[in-house]
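Structure first, then comments.
The values are calculated or read from the model by the stated rules, or taken from the named source; none is laboratory data. Quick caveat, the model's predicted, so the values are computed rather than measured. Positions of Cβ are backbone-derived with ideal geometry, glycine not excepted, and every protein chain shown enters the neighbour counts. To get the accessible areas, we keep the full protein, side chains included, count just its heavy atoms, and leave off ligands, DNA and RNA. Shrake-Rupley method; radii C 1.70, N 1.55, O 1.52, S 1.80 Å.
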Amino acid sequence: MPRRRGAPVRSVARGALAALLIAAGVSHVTWGRRGYRIVVPDWATRVLHTDKDAIVVASGAAEVLLGVGLVALPRERRRVGAAVAAFFVAVFPGNVHQWRTGRSAPGLSTDRARFVRLFLQVPLIAWAWWSTRE
């Protein structure tokens, strides 16, 4: 089957997204773990019946698995891309919570940075969707 035009660009974009997800996931379970707890809204612990640390660890593990899935499961590329996009939608309430409370987390120590972060969610979703469609 011939490769479609733009496939190499999508492949590079997919690899970059995988690297971003894996790096973010590793930071959630290592050096940034403590700082990311403040991003988790209080209601999330009640809904999920767990604590903020478990949510941070679970989201980090999900990021790593999704990143690995983007490169290791080429036959499931579209499904993994949809899962990545859904993940970015799912974590958006945490980003809103962090902006509204004005609390700093790793890499987001100013009100401006927290506000700009909100608008990065749309390009991340689009990146996940576009890079996994041929």
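Quick one: what are the phi-derived ³J(HN,Hα) couplings along segment 37-42, Karplus 6.51/-1.76/1.60 with θ = phi - 60°, whole Hz, x for glycine and proline?
Residue by residue, segment 37-42 yields 4, 6, 6, 6, x, 4 Hz.
Quickly estimate the mean residue ellipticity at 222 nm for the chain, helices only: each DSSP H run with n ≥ 4 gives -39500 (n - 2.57), and the total goes over all residues, rounded to 500.
Taken over the chain, the calculation gives -24000 deg cm²/dmol.
Can you work out the accessible area per residue across the chain, with the rest of the protein chains kept in place, probe 1.4 Å, in square angstrom?
61
Residue by residue through segment 43-50, which ³J(HN,Hα) values in whole Hz follow from phi under the Karplus form 6.51 cos²θ - 1.76 cosθ + 1.60 (θ = phi - 60°), with glycine and proline marked x?
4, 5, 5, 6, 5, 8, 6, 8
Carbon-plus-sulfur fraction of the accessible area of the chain, 1.4 Å probe, in percent?
The nonpolar share, carbon plus sulfur, comes to 65 percent.
Just how far, in whole angstrom, is segment 58-134 from segment 12-53 if you go by their alpha carbon centroids?
Going from one Cα centre to the other spans 9 Å.
Give me the one-decimal nm value for the distance between modelled label points at L120 and F92, 7 Å along each residue's Cα-to-Cβ direction.
Going from the L120 label point to the F92 one covers 1.7 nm.
Treating the Cα atoms of the chain as identical point scatterers in vacuum, please give the log10 of the normalised Debye intensity I(q)/I(0) at q = 0.13, 0.16 Å⁻¹, two decimals.
Computed log10 I(q)/I(0) values: -0.56, -0.82.
In segment 1-72, what trypsin sites (Lys or Arg not before Pro) fall in a loop by DSSP, with at most 10 other Cβ atoms inside 10 Å?
Of the trypsin sites (Lys or Arg not before Pro), the ones in loops of segment 1-72 whose Cβ has at most 10 other Cβ atoms within 10 Å are R3, R4, R5.
Return the long-range amide H neighbours of A105 (sequence gap of 5 or more, or a different chain), with a cut-off of under 5 Å between placed amide H atoms.
The answer is none.
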